[in-house]
Amino acid sequence: MTIQTENGNILATIEETIDSRKEEYLEVLYKLLKVESISAQNTGIDEACNMLKEVMEDAGIKTKIIPFKRNPFIYGEVIKDPNAFTLLIYGHYDVQPPDPVDEWVSPPFEPTIRDGKIYCRGVGDNKGQLMAQILAIKSYIDTAGNLPINIKFIFEGEEEIGSPNLASFVAENKELLKADLVYTSDGPKHDSGAPLVLLGVRGMTYVELTAKGAKWDNHSGNKGNIVPNPAWKIIDLLNTMRDPEGRILIEGFYDNIRKITKKDEELIRSLPFDKKSIAEQIGYDDFDMDKEEYYRKLTLEPTFNIAGFTSGYGGEGSKTIIPSSAVLKMDIRLVVDQDPDDIYEKFTAHVKKYAPDIEVKNLGGMKPSRTSADLAIVDVVTNAVRNAFRQEPVLQPSMGGSLPDYVWTDVLETPSIIIPYANFDEANHSPNEKMGVDDFINGIKCTCHVISEISIR
């Protein structure tokens with residue numbers, strides 16, 4: 001596929017610049033990857049901020065570090081004309097802990113290339129994708145002399161702990177962050193390997209249930225039928241929450257879900273689907289859904305997932321006890337326009353009705369988000385992605401997972417599009433996280449195409 005754009009010549013030259021600087025750009029990325037900026041452990045945060053500021057300023061981006069509550073935000077801008085289109089690019093510089101370290105083939109914070117892929121904690125999530133955005137600006141300015149639109153950056157250091165302060169920061173800095181579109185590169189491409197254009201995310205409510213029995217564990221024979229088992233309390237409660245077909249029975253759970261549009265249905269029908277490949281990728285040989293059911297359940301329907309259930313003895317061999325307590329953790333993925341606080345209240349009311357002695361704890365939540373596929377800017381960005389990768393992109397109404405995308409669509413009141421640059425098997429949050437060298441370089445090119453395409457929209 002050839003580049004079909006009015007700015008084709010300059011884009012070809014920019015791509016040549018990027019290719020010629022491949023090794024240089026990889027070294028810049030490696031330097032950031034070596035910083036152990038783990039938000040959960042509060043390590044490497046200042047070092048990562050200072051390093052990013054230096055790289056951004058070298059790229060021609062006016063940059064400042066903004067302290068805020070816990071970890072700092074990094075803001076940058078290149079303003080061509082206050083009246084020109086403004087693209088706000090979001091990313092995060094914090095990473096997950098590397099544990100379990102002994103499952104890494106190479107040290108988790110020593111970038112290592114194997115089979116054309118960079119292995120390192122944070123390379124896909126999100127330092128490689130974040131750095132691709134910065135180096136795109138450098139490549140564009142160095143080659144063309146200036147940018148055709150305004151660019152703003154906002155990078156946070158708390159995404160891996162749930163972005164607890166992002167919404168309040170955005171609310172307090174609306175004028176600073178004012179933009180026409182928010183652009184995020186996070187997560188993996190489509191499982192087919194095709195580039196992915198995501199118009200939203202699912203939200204989430206995370207809850208913990210704790211049931212108590214006796215003050216201590218008891219012998220299951222000597223005290224059997226006498227001491228209540230708290231694990232059964234939770235199981236009995238769960239049976240009141242979900243029917244055999246999987247429909248949630250909590251009153252009002254489905255009340256606010258936005259109706260699926262004809263455009264959503266069209267998008268689903270146009271998506272690629274390989275049942276055998278999906279079964280292999282998820283490790284479930286009995287996977288048996290058709291395309292429409294798969295994507296509807298993955299992007300447009302809520303979930304009711306048991307993430308963990310702990311009670312009694314789980315070690316090797318047997319131990320005959322009646323446990324004194326049981327703990328269940330659930331993540332409930334939400335779709336627009338469900339609200340995590342509202343769902344938590346309805347969940348709590350259900351527990352109070354059927355098992356009032358079970359304790360419920362809210363472990364956090366995140367709102368879902370959606371940008372309309374009917375907006376003209378969606379076609380503009382999709383065309384840019386098509387030209388950048390020389391491949392037809394997959395346009396999906398929502399991703400299955402959760403990101404703090406609602407801060408853009410709800411708080412900043414701005415359309416938001418997510419274009420992942422990492423390979424589908426990036427293994428983010430797992431040992432041996434990786435990002436293809438070509439994926440990194442092509443991500444730089446893609447951002448340049450998006451900037452160019454917007455400028456001639």
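The values are calculated or read from the model by the stated rules, or taken from the named source; none is laboratory data. This is a predicted model, so every value here is computed, not measured. Quick reminder, even Gly has a Cβ in these numbers, built from the backbone with ideal geometry, and neighbours come from all protein chains shown.
Things to note:
- Residues satisfying the criterion are absent from region 103-118 (criterion: farther than 26 Å from Asn442 by Cα and modelled with pLDDT under 95).
- Evaluated against (1) surrounded by 12 or more Cβ atoms within 10 Å (Cβ to Cβ); (2) in the same structural domain as Asn362 (by TED's automatic domain parsing), Gln281 falls short on exactly one condition, (2).
- Those residues of region 337-355 which are basic (Lys, Arg) and either at pLDDT below 95 or touching a Ser or Thr at 6+ places or on another chain (Cβ under 9 Å) (or both), in sequence order: Lys353
- Members of region 207-240 found to be surrounded by fewer than 20 Cβ atoms within 10 Å (Cβ to Cβ) and within 30 Å of Gln281 (Cα to Cα), listed by number: Glu208, Leu238
- Filtered residue count, region 415-454, keeping only those that are modelled with pLDDT of 95 or more and either outside any loop (DSSP other than H, G, I, E, B) or among the polar types (S, T, N, Q) (or both): 26
- Qualifying residue in region 264-271 (condition: assigned to a helix (DSSP H, G or I), hydrophobic (A, V, I, L, M, F, W, C) and within 30 Å of Ile322 (Cα to Cα)): no
- Exclusive hit being in contact with a Ser or Thr (Cβ under 9 Å, 6 or more places away or on another chain), in a helix (DSSP H, G or I) and more than 15 Å from Asp142 (Cα to Cα), set Leu26, Leu52, Leu11: Leu52
- Of the residues making up region 290-314, just one is in a loop (DSSP other than H, G, I, E, B) and more than 27 Å from Lys329 (Cα to Cα), namely Asp290.
- For region 318-328, the criterion of being surrounded by 12 or more Cβ atoms within 10 Å (Cβ to Cβ) and over 30 Å from Lys212 (Cα atoms) is met by none of the residues.
- When Glu23 is tested against the conditions (1) at pLDDT 95 or above; (2) surrounded by 13 or more Cβ atoms within 10 Å (Cβ to Cβ); (3) not hydrophobic (A, V, I, L, M, F, W, C), the lone failure is (2).
- Residue within region 183-192 that is of a type in the set (Asp, Glu), surrounded by 20 or more Cβ atoms within 10 Å (Cβ to Cβ) and within 28 Å of Lys69 (Cβ to Cβ) present: yes
- Within region 97-129, the set of residues being basic (Lys, Arg) and surrounded by 15 or more Cβ atoms within 10 Å (Cβ to Cβ) comprises Lys117, Arg121, Lys127.
- Only one of Val170, Val123, Val78 that is in contact with an Asp or Glu (Cβ under 7 Å, 6 or more places away or on another chain) and closer than 26 Å to Tyr406 by Cα: Val123
- Exactly one residue among Asp191, Asp180 is among the acidic types (Asp, Glu), closer than 26 Å to Leu267 by Cβ and at pLDDT below 95, and that residue is Asp191.
- Qualifying residue in region 100-108 (condition: more than 21 Å from Gly44 (Cα to Cα), over 23 Å from the mean Cα position of the chain (by Cα) and in a helix (DSSP H, G or I)): yes
- Condition check for Asp357: over 17 Å from the mean Cα position of the chain (by Cα), within 30 Å of Asp236 (Cβ to Cβ) and assigned to a loop (DSSP other than H, G, I, E, B): yes
- The set of residues in region 188-222 being over 24 Å from Asn442 (Cα atoms) and acidic (Asp, Glu) consists of Glu208, Asp217.
- In region 320-336, the residues that are in contact with an Asp or Glu (Cβ under 9 Å, 6 or more places away or on another chain) and either part of a loop (DSSP other than H, G, I, E, B) or closer than 14 Å to Pro397 by Cα (or both): Pro323, Ser324, Val335
- Checked against the criterion of being surrounded by fewer than 18 Cβ atoms within 10 Å (Cβ to Cβ) and on the phi < 0 side of the Ramachandran plot, region 134-142 contains one or more residues that satisfy it.
- For region 129-151, filtering for residues that are more than 20 Å from the chain's Cα centre (by Cα) and touching a residue at least 24 places away in the same chain (Cβ under 8 Å) leaves 16.
- When Glu413, Glu392 are checked against the criterion of being of a type outside the set (S, T, N, Q) and touching a residue at least 12 places away in the same chain (Cβ under 8 Å), Glu392 stands alone in meeting it.
- Failed item, numbered, when Asp142 is tested on (1) among the acidic types (Asp, Glu); (2) in a helix (DSSP H, G or I); (3) under 30 Å from Trp104 (Cβ atoms): (3)
- Contact map, region 89-108: residues that are farther than 18 Å from Asn165 by Cβ and in the same structural domain as Glu160 (by TED's automatic domain parsing) paired with residues that are of a type in the set (Lys, Arg) and assigned to a strand (DSSP E or B), Cβ distance under 9 Å, separation 6+ or inter-chain. Pairs shown: Ile89/Lys152; Val105/Arg114; Ser106/Arg114.
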